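This report refers to the structure that appears directly beneath it.
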Amino acid sequence: MVSRKVLLAPIDPVHDVGLKIIKRGLEEAGHETVLLQPDLQPEEIIQEIINSRADTVLISRTLGYGVAEILARFVDLADAAGVRDRVRIGIGGMAIRPELAAELGFDAGFGPGTSVEEAVAFVEGRDYVPGLAKNNKLKIDITESYTYTCHNSVIAGLLKQIAGIILAWTENRTSSGVLRARVREELWDIDRWRKYEKMTEFLEEYPRFCGEITRDFYLKGILHPKTRRFTREEAAALEEYIKATKERMEAPKLQHSLKKPLVFNQYGTGCPFMDTGHIKVSEAWGADGVIHFDPSWGARTEGFMDGFLTHQEDGTVITPANLNRIRQSLESGTLWQVRAHRGLNTPETVVLAGKFQADLTKINISYGALGAGTDPARMTVDGVEAIRYAAKYGLPFDIVTNEELCGVPAHKAFAGMLITAALALRLGAKPILQPLFCYSPEVMVGGQMKDNYVDFNVAKVLALRHIIDAPVWPGAPIGFMTHSEDRIQSSAATAYHACLAAMLGVDAITIASSDEAYSGGPISVPSKVDTLRAVGEGFRFFGSTRLEPSQRALDWSREIEEGIENVLRQVADRGDFVEALYRGVLGSREEGAYPGRNGRDTVMMV
Amino acid sequence: MKTLTVGIAGTAKNTGKTTATMALLEYLRNPGICIGITSIGYDGERVDNVTGLPKPRIYLEAGSLVAVSEGCLPAGSARVKVLDRTGIKTPLGEIVCGQVAKGGLMVLAGPNQSRHLREILQWMSVQGADLVMVDGALNRVAPMAETDGIILCTGASYTTDLDRLSLETHSLGVICSLPGGAEIPGAAHVEGKSVLWNRDGVILAELPGLLLEAGCVKAMSCLAGEAGGLYCPGLVSPAILEALAGLPFREGMTYVFEDPMKLVLSGGPLTARRFVDRVSQREGRVVFRKSLPLAAVAVNPFYPCYRYETNHYQPAFIDRDLLVSKIKCSVNVPVFDVVRDGPGGLAGALKSLA
């Protein structure tokens with residue numbers, strides 16, 4: 001490398017910090033630098049360029065109206081003085097973009113977010129190639145370093161007992177959801193599907209286990225009334241959009257100095273094209289993973305249609321073609337979660353997630369049965385089968401505890417979560433604990449968050465950590481119920497919760513877009529960016545700062561753990577998990593948890 | 001036929017350079033005329049890079065020659081067949097030269113240095129362009145010295161003070177009307193140096209090419225009584241220009257500058273014209289190696305008005321008639337408001353450069 005002589009000149013009354021940072025980088029790269037004082041006249045800088053025999057000049061200036069003319073005059077002077085023949089000149093500052101640099105007559109422009117490496121590359125006359133961290137994220141398995149050792153022997157014993165009860169109960173039971181998943185698993189081949197080969201055996205078997213809507217699709221070609229197929233032109237436009245976006249994609253890292261928590265963002269506008277736009281925005285603003293949200297009616301419908309379909313309401317329909325298109329739009333380092341935690345298609349969703357090489361899924365029997373409307377017996381049969389497929393496809397899954405949002409106290413929701421986790425471990429799967437970081441009805445009534453949102457959320461994580469060595473992924477999304485229609489407030493609330501999660505050293509978080517709670521329709525891209533930027537800024541602010549739990553958090557943590565133990569004992573004593581769900585042991589009607597009715601009486605004995 | 005090159009130079013952003021360029025393109029649309037176009041800035045964008053206000057778009061007919069940064073090609077609807085790559089790098093990629101294969105809108109960002117513009121104009125000439133237009137950038141004028149003459153665009157965006165505007169326009173008119181083709185003594189051809197000679201053409205002193213530091217005045221001061229001419233190939237600082245006019249040179253002193261734009265850049269049009277006036281008062285003369293005639297002035301009453309309370313710009317206008325009449329009184333070349341008067345007069349004024 002040839003050592004360059006670089007003159008750094010702030011054409012600015014005050015500001016030169018950017019140049020000072022670049023100066024250090026240039027010197028570390030072996031270049032000679034001269035930093036001029038601020039506020040020199042253009043003619044004085046030209047004279048300095050000549051006197052110093054610099055071969056590169058970096059100018060900095062904050063832009064405003066009238067400033068462009070000052071900079072253009074500087075370039076004109078350099079041109080008229082003949083120094084442009086041998087000196088390359090770059091401009092940096094707020095609001096500087098390549099288009100403006102071209103307009104002003106500079107050789108390069110460096111705006112906000114420019115790395116020192118970019119400036120060094122310009123000085124060395126080579127193309128800037130972004131570093132690994134910027135565009136080559138690698139996928140991380142957040143379950144990798146955990147042993148799943150249960151530290152609380154009493155709870156360990158109870159979970160073992162309950163898991164045994166559940167497996168024995170499901171052993172001679174099945175459902176149309178389980179049978180459909182089996183057909184999908186055994187008769188539907190993704191490679192043949194991708195080649196448009198007709199899978200006659202699958203098409204003969206599958207509709208037999210579907211509900212009316214999906215049966216009509218396969219037998220009569222009738223689509224769900226709220227869906228339509230994309231046109232060829234729309235599909236081609238999507239492909240073009242993905243291609244163009246991937247070419248210029250840079251996937252930054254949000255965590256600053258930390259390795260975790262990974263940040264997950266949800267999508268599910270109903271339109272896979274719009275989803276793809278949201279995914280690309282999430283990736284470009286630093287999200288590590290994205291989560292597929294399906295429509296609420298999908299959970300009540302037996303079976304999946306196929307085709308590249310858009311949906312006129314929230315939630316993106318799960319079809320092989322939709323999953324395939326979305327899968328292809330992802331950057332190589334983006335984690336993809338297809339949730340299957342509830343509803344009548346839970347096991348089949350895991351099969352599809354596995355076949356389309358999703359990275360994660362989401363299963364919870366208790367929440368699925370209490371907060372999301374599926375009959376407890378059906379949810380248990382389907383949930384166990386779903387966990388088996390998760391194990392088979394190596395899909396770690398989080399166990400979301402959103403029944404807290406119905407009003408179920410944390411200790412009951414956690415007991416349900418740990419039961420699903422115990423089943424997962426028994427069946428060879430990798431569960432991830434997902435406590436809610438939210439302002440739940442429990443704390444609204446009980447006053448645990450009257451002073452702050454910190455202590456009770458800390459207590460939840462401490463309780464889980466005290467029980468088991470397992471990954472923790474607060475969600476979903478963090479800050480739920482603290483958001484308002486004010487996008488700044490919502491972004492800030494999410495960022496505070498994200499920082500709390502980071503200080504607790506959790507493995508991942510799910511964040512919402514700042515208008516998610518009040519959008520009145522699909523969430524908007526600016527609001528997605530708001531939240532990601534706010535979270536990134538929060539991570540930057542706190543770095544690796546750790547949080548010392550308060551005495552109150554420690555006390556609540558113990559209470560939660562005792563509560564979990566008590567609930568598990570009740571379930572074990574009852575000897576029937578499904579009955580415990582019906583009877584409200586894991587969340588009662590009084591607390592707001594009503595056993596689901598979808599799929600009632602559809603469990604079959606074998 | 002020799003290629004005619006015309007620069008559309010401005011005194012500031014939003015003075016109407018692209019509007020004038022577009023008007024000329026529209027007027028001169030004729031299968032028999034081969035038009036070439038480039039820009040030393042960034043033109044044809046939808047909104048202004050600084051103010052965010054709408055900008056005039058550039059529409060190019062099929063067959064036009066164009067030199068543009070490669071990064072601009074996908075930004076418009078025009079399709080360009082690239083004929084040559086130049087190796088000239090800009091923040092938006094390498095400059096490529098080509099011909100418009102399918103007419104449409106185009107964003108233009110071309111060569112932004114004089115030497116690069118020179119290469120591009122040469123290319124267009126070789127390709128057979130009859131007329132090449134060089135759209136300007138902000139208040140940049142240095143590269144315009146490579147053209148055969150300029151149209152000056154000025155107006156409220158530069159200043160809403162009409163007296164100052166007319167005075168500065170007058171000054172530019174005066175400087176651009178000074179003769180070119182000046183010869184210097186053979187011995188004064190020293191690469192990159194300013195030279196002082198006596199009335200017999202004998203070199204008295206070699207000085208830096210750029211007269212920016214006070215030391216050079218001191219050196220000339222000692223020789224002022226003998227000097228008959230001074231040639232400066234580069235720039236002069238405003239302070240040195242003032243000082244030069246005050247040196248005790250003999251009457252009839254000749255000052256030779258490379259081109260009018262270098263003199264204008266040496267402190268601005270007013271300082272430069274004052275210098276010319278003072279030299280004239282002492283029977284001296286200011287001349288250029290290369291002239292740069294002013295063909296016409298195009299005025300624009302529009303300006304972006306900054307609103308502090310909302311931190312954004314909004315369109316505003318000064319009195320159109322008053323602007324035109326003031327500027328007409330200040331220069332000896334035609335003055336047009338292209339939006340009101342149409343392009344005919346402006347196109348006609350180009351004949352003075354041929």
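The values are calculated or read from the model by the stated rules, or taken from the named source; none is laboratory data. These figures come from a predicted structure and were not determined experimentally. Counting neighbours? That spans all protein chains shown, and the Cβs are built from the backbone with ideal geometry, glycine included.
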- [ ] Please find, among B:Glu183, B:Glu191, B:Glu168, the residue that is without any contact (Cβ under 8 Å) to a residue 12 or more places away in the chain and touching a Pro at 6+ places or on another chain (Cβ under 9 Å).
- [x] B:Glu191
- [ ] Residue by residue through region A:23-54, note down the ones that are surrounded by fewer than 19 Cβ atoms within 10 Å (Cβ to Cβ), under 19 Å from A:Phe106 (Cα atoms) and not hydrophobic (A, V, I, L, M, F, W, C).
- [x] A:Gln41, A:Glu44, A:Glu48, A:Arg53
Open item on the list: Regarding region B:265-275, can at least one residue be identified that is farther than 23 Å from B:Ser166 by Cβ and touching a residue at least 60 places away in the same chain (Cβ under 8 Å)?
Closed with: no
Open item on the list: Looking only at residues that are of a type outside the set (A, V, I, L, M, F, W, C) and in a helix (DSSP H, G or I) in region A:7-22, which one is surrounded by the most Cβ atoms within 10 Å (Cβ to Cβ)?
Closed with: A:Gly18
Open item on the list: Just to be sure I understand, how many residues within region B:59-72 are within 14 Å of chain A (Cβ to nearest Cβ) and either under 16 Å from B:Ala12 (Cα atoms) or under 24 Å from the mean Cα position of the chain (by Cα) (or both)?
Closed with: 4
TODO: Kindly indicate whether any position in region A:515-524 is part of a helix (DSSP H, G or I) and in contact with a strand residue (DSSP E or B) (Cβ under 8 Å, 6 or more places away or on another chain).
DONE: no
- [ ] State the number of residues belonging to region B:18-50 that are within 14 Å of another protein chain (Cβ to nearest Cβ), in a loop (DSSP other than H, G, I, E, B) and touching a residue at least 24 places away in the same chain (Cβ under 8 Å).
- [x] 7
TODO: Pairs only if they're at least six apart or on different chains, beta carbon under 9 angstrom, first in region B:108-133 and without any contact (Cβ under 8 Å) to a residue 24 or more places away in the chain and under 25 Å from A:Ala101 (Cα atoms), second assigned to a helix (DSSP H, G or I) and of a type in the set (D, E, K, R); list them, first residue then second.
DONE: B:Arg115/A:Asp79; B:Arg115/A:Arg84; B:Arg115/A:Asp85; B:Arg115/B:Glu146
Open item on the list: Report every pair of residues separated by at least 6 positions or lying on different chains whose Cβ atoms are under 6 Å apart, first residue within region A:69-83 and facing chain B (nearest Cβ under 7 Å) and acidic (Asp, Glu), second crowded, with 24+ Cβ neighbours inside 10 Å and part of a helix (DSSP H, G or I).
Closed with: A:Asp76/B:Ala142; A:Asp76/B:Leu265; A:Asp79/B:Ala142
Open item on the list: If I filter region B:239-268 down to residues being among the aromatic types (Phe, Trp, Tyr) and closer than 29 Å to B:Gly7 by Cα, which single residue comes out as surrounded by the fewest Cβ atoms within 10 Å (Cβ to Cβ)?
Closed with: B:Tyr255
Open item on the list: among the acidic types (Asp, Glu) and closer than 13 Å to A:Lys412 by Cα: which single residue out of A:Glu548, A:Glu579, A:Glu591, A:Glu537 fits that description?
Closed with: A:Glu591
- [ ] Determine whether B:Leu53 is within 10 Å of chain A (Cβ to nearest Cβ) and touching a residue at least 24 places away in the same chain (Cβ under 8 Å).
- [x] no
Open item on the list: Please verify whether B:Ile8 is surrounded by fewer than 16 Cβ atoms within 10 Å (Cβ to Cβ) and either within 12 Å of chain A (Cβ to nearest Cβ) or aliphatic (A, V, I, L, M) (or both), treating the condition exactly as stated.
Closed with: no
- [ ] Answer yes if at least one residue in region B:112-127 is under 26 Å from B:Asn30 (Cα atoms), within 11 Å of another protein chain (Cβ to nearest Cβ) and touching a Pro at 6+ places or on another chain (Cβ under 7 Å), and no otherwise.
- [x] yes
- [ ] Go through (1) charged (D, E, K, R); (2) away from chain A (no Cβ under 14 Å); (3) at negative phi and name the single condition B:Arg307 misses.
- [x] (2)
TODO: Tell me which of these B:Arg285 doesn't satisfy, since it passes every other one: (1) more than 12 Å from chain A (Cβ to nearest Cβ); (2) within 29 Å of B:Asn49 (Cα to Cα).
DONE: (2)
Task: Restricting region A:314-347 to residues that are outside any loop (DSSP other than H, G, I, E, B) and aliphatic (A, V, I, L, M), the residue that is surrounded by the most Cβ atoms within 10 Å (Cβ to Cβ) - done: A:Val338
TODO: Output the residue which, of all residues in region B:304-342 that are hydrophobic (A, V, I, L, M, F, W, C) and assigned to a loop (DSSP other than H, G, I, E, B), is nearest to B:Ser171 (Cα to Cα).
DONE: B:Val331
Open item on the list: Anything in region A:451-487 that is in a loop (DSSP other than H, G, I, E, B) and surrounded by fewer than 19 Cβ atoms within 10 Å (Cβ to Cβ)? List them, or say none.
Closed with: A:Asp451, A:Asn452, A:Asp469, A:Met481, A:Ser484, A:Glu485, A:Asp486
- [ ] Pull up region A:105-133, narrow it to residues that are part of a helix (DSSP H, G or I) and touching a Pro at 6+ places or on another chain (Cβ under 9 Å), then point me to the one that is farthest from the other protein chains (Cβ to nearest Cβ).
- [x] A:Ala133
TODO: Looking only at region B:212-238, count how many residues are surrounded by fewer than 17 Cβ atoms within 10 Å (Cβ to Cβ), among the hydrophobic types (A, V, I, L, M, F, W, C) and within 12 Å of chain A (Cβ to nearest Cβ).
DONE: 1
- [ ] Return the residue satisfying two criteria in turn: it lies in region B:75-100 and is among the small types (Gly, Ala, Ser) and within 14 Å of chain A (Cβ to nearest Cβ), and of such residues it is surrounded by the fewest Cβ atoms within 10 Å (Cβ to Cβ).
- [x] B:Gly87
Task: Search result, residues across region A:259-290 that are in a helix (DSSP H, G or I) and among the small types (Gly, Ala, Ser) - done: A:Gly277, A:Ser282, A:Ala284
Task: Near pairs, Cβ below 6 angstrom, 6+ apart or cross-chain, from region A:466-480 (in the same structural domain as A:Leu433 (by TED's automatic domain parsing)) to any residue that is crowded, with 23+ Cβ neighbours inside 10 Å and of a type in the set (Ser, Thr, Tyr) - done: A:Gly475/A:Thr510; A:Ala476/A:Thr510; A:Pro477/A:Thr510; A:Gly479/A:Thr494
Task: Boolean, A:Ala553 is crowded, with 24+ Cβ neighbours inside 10 Å and closer than 30 Å to A:Thr147 by Cα - done: no
Open item on the list: Suppose we keep only residues that are among the acidic types (Asp, Glu) and in contact with a strand residue (DSSP E or B) (Cβ under 7 Å, 6 or more places away or on another chain) within region B:131-166. Which one would you say is nearest to the other protein chains (Cβ to nearest Cβ)?
Closed with: B:Asp135
